[in-house]
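*Asks:* Quick one: structure below, then a few questions.
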């Protein structure tokens, strides 16, 4: 327990009568990174604000270095950023950039509101990450709106911070952003959280209905759609004539539908080895909708497109 | 250190817009011209300063905080009480400096004979307006707070009893009402201060 930087026990938060999440339990040591993933409105931002000491939990407890977050801020050296929309538009970029480290990080003199969204996001990130002696980095959708170079810079900076002993807590609705950075994942779904270690999500080998069932059971979600994609990687070419295997798993009262896409799947043969596995829930907008014909397949499967949640693992 | 950092933060974020500071500068300059020719005109010179303070001091805390504008400050580590103190200081300082400047100009212009700017009534008026306006601004917008003052002063029976503008230049306060107004302003400031120290900072986008 001495190495634990942050721990949460049965953490819950609510806005008035509306419960955001409950029963979250996790801990983080220095140099570890936690990815918080979940669909829009799952409570990721709220959880980060609780960790940053800006909100109080309605139940449970959270401690950083053994004290409540608001008391630990100066001691731990927190870098928190919730997104470009939290930057005051009237402030000049160079002035804002100097607020965290006390030195200029950009010569840009334009006001923040006149910058592009990606530039604002980068400015906010560079500002908080320029703080010396950062022990805890808490970022909400940090890759949002960043271009390739900025994304690469962010990933390298976060890895460098982690290597120097900082703990990272990163939230994203797109788990692909967090791949390779996080040691732990907290899946926030339907007001509950499930903690998964990264290696648990690196399954290589057959994905069987039994494994899918175990995953679904751990996630404890209703209306979860599991979409297993056949590898579309190099060498396999574009999958044509996909066979949609529609399988319904009975998990109590929850209706769970499993979609299996594979080029050579045979009806009834549920033992397959995809290199990529996507878990989607709610009304889904599949990433592969862009493929010709995919939208029709999803429509045929009875989905309305509005939001998506996916998790990928495997080779 | 935390207080100084918080002051700098509020300066950079410009919780008091530059044009309001410009308004005070103009008021002081106009007062200097007026007092040079008529050292007894301090009441007229101070009235715009007190009026301006009604709109400047409520610089706002909860609304910008809920938009995340103060996230960097609130998570950097200064104790919340220092942040609250710095916010109150940054919000009220331009008006207070303008008031003191005009008071000193009056003393200089009258060779120490007149001190309307430092009279008890003026001090109570400036303190009441500054404290009450700042406190209102912590919870509401600048416009709401300013309009509240204007409404208060436009209702004649209320204005006669509690208008801070009528207190300017009064050397002796015969009724306890001004002190009650000041007490109410200080209590409101205490509530606002406590809110900043203990209150939550929800994000509009996350509710």
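The values are calculated or read from the model by the stated rules, or taken from the named source; none is laboratory data. Only a predicted model underlies this, so the values are computations on that prediction, with no experimental measurement involved. For neighbour counting, all protein chains shown are included, and Cβ atoms are generated from backbone atoms with ideal geometry for every residue, glycine included.
*Asks:* Among (1) assigned to a helix (DSSP H, G or I); (2) touching a helix residue (DSSP H, G or I) at 6+ places or on another chain (Cβ under 7 Å); (3) surrounded by fewer than 22 Cβ atoms within 10 Å (Cβ to Cβ), where does residue B:93 come up short?
*Replies:* Result: residue B:93 passes all but (2).
*Asks:* Kindly indicate the residue of segment A:170-195 that is over 15 Å from residue A:42 (Cβ atoms) and not in a helix (DSSP H, G or I) and also modelled with the lowest pLDDT among those meeting that condition.
*Replies:* Here the answer is A:179.
*Asks:* Looking only at residues that are under 16 Å from residue A:77 (Cβ atoms) and crowded, with 21+ Cβ neighbours inside 10 Å in segment A:136-157, which one is nearest to the other protein chains (Cβ to nearest Cβ)?
*Replies:* Per the criteria, the residue is A:138.
*Asks:* Right, another one. What residue, of A:113, A:131, A:126, A:103, is more than 8 Å from every other protein chain (Cβ to nearest Cβ) and assigned to a loop (DSSP other than H, G, I, E, B)?
*Replies:* The conditions single out A:103.
*Asks:* Tell me, please, whether a residue that is surrounded by 21 or more Cβ atoms within 10 Å (Cβ to Cβ), more than 20 Å from the chain's Cα centre (by Cα) and either in the same structural domain as residue A:136 (by TED's automatic domain parsing) or not in a loop (DSSP other than H, G, I, E, B) (or both) can be found in segment A:21-34.
*Replies:* The answer is no; no qualifying residue exists.
*Asks:* Looking at B:57, B:27, can you tell me which residue is surrounded by 16 or more Cβ atoms within 10 Å (Cβ to Cβ), within 30 Å of residue B:205 (Cα to Cα), more than 14 Å from chain A (Cβ to nearest Cβ) and at pLDDT 95 or above?
*Replies:* Within the list B:57, B:27, the selection yields B:57.
*Asks:* How many residues does segment A:45-74 hold that are farther than 24 Å from residue A:154 by Cα and not in a loop (DSSP other than H, G, I, E, B)?
*Replies:* So the count comes out to 11.
*Asks:* Identify all residues within segment B:106-119 that are part of a helix (DSSP H, G or I) and either more than 18 Å from the chain's Cα centre (by Cα) or over 17 Å from residue B:49 (Cβ atoms) (or both); write none if there are none.
*Replies:* Those that are part of a helix (DSSP H, G or I) and either more than 18 Å from the chain's Cα centre (by Cα) or over 17 Å from residue B:49 (Cβ atoms) (or both): B:106, B:107, B:108, B:109, B:116.
*Asks:* Can you tell me which residue in segment B:153-207 is surrounded by the fewest Cβ atoms within 10 Å (Cβ to Cβ), limited to those that are within 14 Å of another protein chain (Cβ to nearest Cβ) and modelled with pLDDT of 90 or more?
*Replies:* B:198
*Asks:* A further question on this structure: Tell me, yes or no, whether segment A:80-93 has at least one residue that is assigned to a helix (DSSP H, G or I) and more than 27 Å from the chain's Cα centre (by Cα).
*Replies:* yes
*Asks:* Looking only at residues in segment A:64-94 that are facing chain B (nearest Cβ under 7 Å) and within 15 Å of residue A:125 (Cα to Cα), which one is surrounded by the fewest Cβ atoms within 10 Å (Cβ to Cβ)?
*Replies:* Here the residue is A:85.
*Asks:* Let me ask you something else. Check whether at least one residue in segment A:64-75 is farther than 24 Å from residue A:186 by Cα and in contact with a helix residue (DSSP H, G or I) (Cβ under 9 Å, 6 or more places away or on another chain), and report yes or no.
*Replies:* Yes, that holds for at least one residue.
*Asks:* Okay, next question. Would you point out which residue out of A:67, A:50 is touching a residue at least 24 places away in the same chain (Cβ under 8 Å) and in the same structural domain as residue A:101 (by TED's automatic domain parsing)?
*Replies:* Matching residue, one of A:67, A:50: A:50.
*Asks:* Quick one: residue B:54 ticks every box in (1) part of a loop (DSSP other than H, G, I, E, B); (2) more than 30 Å from residue A:53 (Cα to Cα) except a single one, so which number is it?
*Replies:* (1)
*Asks:* Sort out which residues of segment B:107-122 are modelled with pLDDT of 90 or more and crowded, with 19+ Cβ neighbours inside 10 Å, and write them in order of number.
*Replies:* Hits for segment B:107-122 are B:107, B:109, B:116, B:117, B:119, B:121, B:122.
*Asks:* Could you pull out the residue among A:34, A:87, A:11 that is in contact with a helix residue (DSSP H, G or I) (Cβ under 9 Å, 6 or more places away or on another chain) and either closer than 25 Å to residue A:187 by Cα or free of Cβ contacts under 8 Å to residues at least 24 places away in the same chain (or both)?
*Replies:* After ruling out the rest, the residue left standing is A:11.
*Asks:* While we're here: Restricting attention to segment B:60-75, and to residues there that are in a loop (DSSP other than H, G, I, E, B) and more than 7 Å from chain A (Cβ to nearest Cβ), which single residue is nearest to residue B:199 (Cα to Cα)?
*Replies:* B:61
*Asks:* So which residues in segment A:45-61 are more than 20 Å from the chain's Cα centre (by Cα), over 15 Å from residue B:65 (Cα atoms) and either at the interface with another protein chain (Cβ under 10 Å from one of its Cβ atoms) or surrounded by fewer than 22 Cβ atoms within 10 Å (Cβ to Cβ) (or both)?
*Replies:* A:56, A:58, A:59, A:60, A:61, listed by residue number.
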